[in-house]
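For reference, the structure is listed below as structure tokens.
The values are calculated or read from the model by the stated rules, or taken from the named source; none is laboratory data. Note that this is a predicted model, so its numbers are computed, not measured. Here the Cβ is made from the backbone with ideal geometry for all residues, glycine too, and neighbour counts use every protein chain on show. Accessible surface areas use protein heavy atoms only, side chains included; no ligands, DNA or RNA. Shrake-Rupley method; radii C 1.70, N 1.55, O 1.52, S 1.80 Å.
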Amino acid sequence: MKRKNKISLSILSLLVAGLGILCYVRWGVWFGNPPEAPYTTAPTPHRVLLTFGNDGPLSRMVSWQADSVLHTSYLELMDASGHDEAVCLPAEGEVFASRSGKTAFYHVAIEKLQPGHQYRYRAVTNEQSSPWYHFSMPSGDVDKPGRFSFLYFGDVQDSIGGISNRLVREAWKAHPETEFVVFGGDLCERPTDAFWAETFHSIDSIAQTLPTLVCTGNHEYLKYPIRKLERRFSLTFPYFLRSMVGENQVYNLPYHDAQLYLLDSNRELPFLYTQRNWLEQKMKEKPARWNIVVLHHPIYSAKSGSNNLMQRLAFGDVLNDNADLVLQGHEHAYARMTQHGPKGEARPPIFTVSHCSPKHYRIEFSDRFDRFGTGTQYYQQITIHGDTLSMRTYDAQTQQLYDAVDLVKGEHDHPTLIDRARHIPERLEFTPRPGNKKDAQFAARIADYKRKKGLQ
Ligand SMILES: [Fe+2]
């Protein structure tokens, strides 16, 4: 064998051996799924959730779970005024078998609800009922431009703090004008019944009253060489059942003069390209004054410039050309960036990374971001009013305003981005664990960033 061939063979052998060792060491992280404990499902309707439907901003859906076999099930719905009798809307049911148990899931689509009305509803399965819940429809014409606001929460994934329910309820209490709520994935720690119970605890008393939208995160997936999302995710959030494209959990909601898009970013590249084509096509079909996109993985990572390259490759240019606001999660920190024009002027989209979890990740401090935050939980209030989209970020623990950006679109002018948070100091709180090298490096990065920006 020639010497050159021997060298090539040696390099190849080393690469294969290295890859083998890496697979062995990281196998559990890449492809390991915690086992699901056996469970049974209560016969009374529970885990009731109100969300949007697939027929515009006046449609709603309700989903619930009851027992492990199908029974006659329906939704009782009535105008809260009590003047009319309740109507019974038949439910569609499906039994889902997970790794360690079975549950019957139900959902009902409610269409053509009346603007400005309040409704009461309860889920009924096999003559057993959930409690009565209520919801309000927005007043005015939701097909035309009009003021509205919603709340966004990045990762909740609250297996350690058990505080999410309080934080989400307090956020809603602070902003009672909220019309719906959006979660940016990783709402559930892992796809097991016990963690789903925890998720429903996190959103209890909110998700039965405020329409609740969720995009997928990596934690909702089962980890295999080709990742797999269980059908119980779509059965819980049934708007996906009619909107998914192939196996991609995508969804689009028109609301006044905005279009909201949910993407499924925890996928392999070919799936991301299918979603990109869907997004491009929808944005062309339904031009809107405001395009808001929600996905779990940040297009521009706050953790490392080399993270999420596939998501950036698939969606980056479509978002940069068409989106006004991109709401993201996954990195358990706060970071906000905008694009910039030739004279350095800030331009949309606004890319926001946020989370509402007790778990905090170490980030880098790339110059491309305008603002960072660590050490607490956050949420966003998005308001569209007249020619302005306002994003306000709050500290979820204190309700203090942490970030504020307005995107103004005049009739003929280019969009103008106004940073209204220049007077609000960035807060970067972190206590390194003694002897932890990565913590020490992060603490040094924070100190360096603070020094550069003249922060305390
Ligand atoms: Fe994540």
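Quick notes on this one:
Yes or no, residue by residue, for (1) at pLDDT 95 or above; (2) over 28 Å from Tyr121 (Cβ atoms):
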{"residue": "Val156", "(1), (2)": "no, no"}
{"residue": "Ile160", "(1), (2)": "no, yes"}
{"residue": "Leu167", "(1), (2)": "no, no"}
{"residue": "Phe180", "(1), (2)": "yes, no"}
{"residue": "Pro191", "(1), (2)": "no, no"}
{"residue": "Thr199", "(1), (2)": "no, no"}
{"residue": "Ser202", "(1), (2)": "no, no"}
{"residue": "His219", "(1), (2)": "no, yes"}
{"residue": "Phe233", "(1), (2)": "yes, no"}
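- Of the criteria (1) in the same structural domain as Ala171 (by TED's automatic domain parsing); (2) outside any strand (DSSP E or B), which one Pro434 fails: (1)
- Comparison of Phe135, Phe96 shows that the only residue that is touching a helix residue (DSSP H, G or I) at 6+ places or on another chain (Cβ under 6 Å), at pLDDT 95 or above and away from the ligand (no atom under 16 Å from the Cβ) is Phe96.
- Tyr106 within 30 Å of Ser139 (Cβ to Cβ), outside any loop (DSSP other than H, G, I, E, B) and in contact with a Ser or Thr (Cβ under 6 Å, 6 or more places away or on another chain): yes
- Under the condition of being part of a loop (DSSP other than H, G, I, E, B) and either touching a helix residue (DSSP H, G or I) at 6+ places or on another chain (Cβ under 7 Å) or open to solvent by 10 Å² or more (accessible area, probe 1.4 Å) (or both), the residues counted in segment 58-72 number 7.
- Count of segment 283-315 residues, restricted to those that are part of a loop (DSSP other than H, G, I, E, B) and more than 16 Å from the ligand (Cβ to nearest atom), is 6.
- One residue stands out in segment 229-242 among those that are open to solvent by 20 Å² or more (accessible area, probe 1.4 Å) and more than 16 Å from the ligand (Cβ to nearest atom): the one that is nearest to His330 (Cα to Cα), namely Arg231.
One line per residue, one yes/no per condition, for (1) in contact with a helix residue (DSSP H, G or I) (Cβ under 8 Å, 6 or more places away or on another chain); (2) on the phi < 0 side of the Ramachandran plot; (3) open to solvent by less than 40 Å² (accessible area, probe 1.4 Å):
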| site | (1), (2), (3) |
| --- | --- |
| Arg422 | no, yes, no |
| Glu426 | yes, yes, yes |
| Glu429 | no, yes, no |
| Arg433 | yes, yes, no |
| Asp439 | no, yes, yes |
| Ala447 | no, yes, no |
| Lys450 | no, yes, no |
| Lys453 | no, yes, no |
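- Restricting attention to segment 160-194 and to residues that are charged (D, E, K, R) and farther than 28 Å from Ile299 by Cβ, the residue that is most open to solvent (accessible area, probe 1.4 Å) turns out to be Lys173.
- Some residue of segment 143-155 being touching a helix residue (DSSP H, G or I) at 6+ places or on another chain (Cβ under 9 Å), among the small types (Gly, Ala, Ser) and within 16 Å of the ligand (Cβ to nearest atom): no
- Those residues of segment 331-362 which are within 24 Å of Gly162 (Cα to Cα), touching a Lys or Arg at 6+ places or on another chain (Cβ under 9 Å) and not in a strand (DSSP E or B), in sequence order: Glu331, His332, Ala333, Ser354, Tyr361, Arg362
- A single entry from Leu75, Leu70, Leu89 fulfils the requirement of being in contact with a Phe, Trp or Tyr (Cβ under 9 Å, 6 or more places away or on another chain) and without any contact (Cβ under 8 Å) to a residue 24 or more places away in the chain: Leu89.
Each row is one residue, and each column tells you yes or no for (1) over 18 Å from His355 (Cα atoms); (2) part of a loop (DSSP other than H, G, I, E, B).
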{"residue": "Pro138", "(1), (2)": "yes, yes"}
{"residue": "Lys144", "(1), (2)": "yes, yes"}
{"residue": "Gln157", "(1), (2)": "no, yes"}
{"residue": "Leu167", "(1), (2)": "no, no"}
{"residue": "Trp172", "(1), (2)": "no, no"}
{"residue": "Pro176", "(1), (2)": "yes, yes"}
{"residue": "Leu187", "(1), (2)": "no, yes"}
{"residue": "Arg190", "(1), (2)": "no, yes"}
{"residue": "Phe195", "(1), (2)": "yes, no"}
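- Test: Asn248 is within 16 Å of the chain's Cα centre (by Cα), more than 16 Å from the ligand (Cβ to nearest atom) and within 26 Å of Asp55 (Cα to Cα): yes
- Of all residues making up segment 251-271, the number that are within 16 Å of the ligand (Cβ to nearest atom) and more than 18 Å from Leu313 (Cα to Cα): 0
- Flag for Leu75 being modelled with pLDDT of 95 or more and either surrounded by 13 or more Cβ atoms within 10 Å (Cβ to Cβ) or in a helix (DSSP H, G or I) (or both): yes
- Given (1) open to solvent by 10 Å² or more (accessible area, probe 1.4 Å); (2) more than 16 Å from the ligand (Cβ to nearest atom); (3) in a loop (DSSP other than H, G, I, E, B), index of the condition Ile206 fails: (1)
- Hey, Asn277 surrounded by fewer than 24 Cβ atoms within 10 Å (Cβ to Cβ) and within 16 Å of the ligand (Cβ to nearest atom) or not: no
- For segment 356-375, the candidate set comprises residues that are surrounded by 20 or more Cβ atoms within 10 Å (Cβ to Cβ) and polar (S, T, N, Q); within that set, the residue that is nearest to the ligand (Cβ to nearest atom) is Ser357.
- For the residues Thr178, Thr199, the requirement of being closer than 21 Å to Gln380 by Cα and within 16 Å of the ligand (Cβ to nearest atom) singles out Thr199.
- Residue within segment 336-355 that is more than 18 Å from Leu417 (Cβ to Cβ), of a type in the set (A, V, I, L, M, F, W, C) and either buried (at least 18 other Cβ atoms within 10 Å of the Cβ) or over 14 Å from the mean Cα position of the chain (by Cα) (or both) present: no
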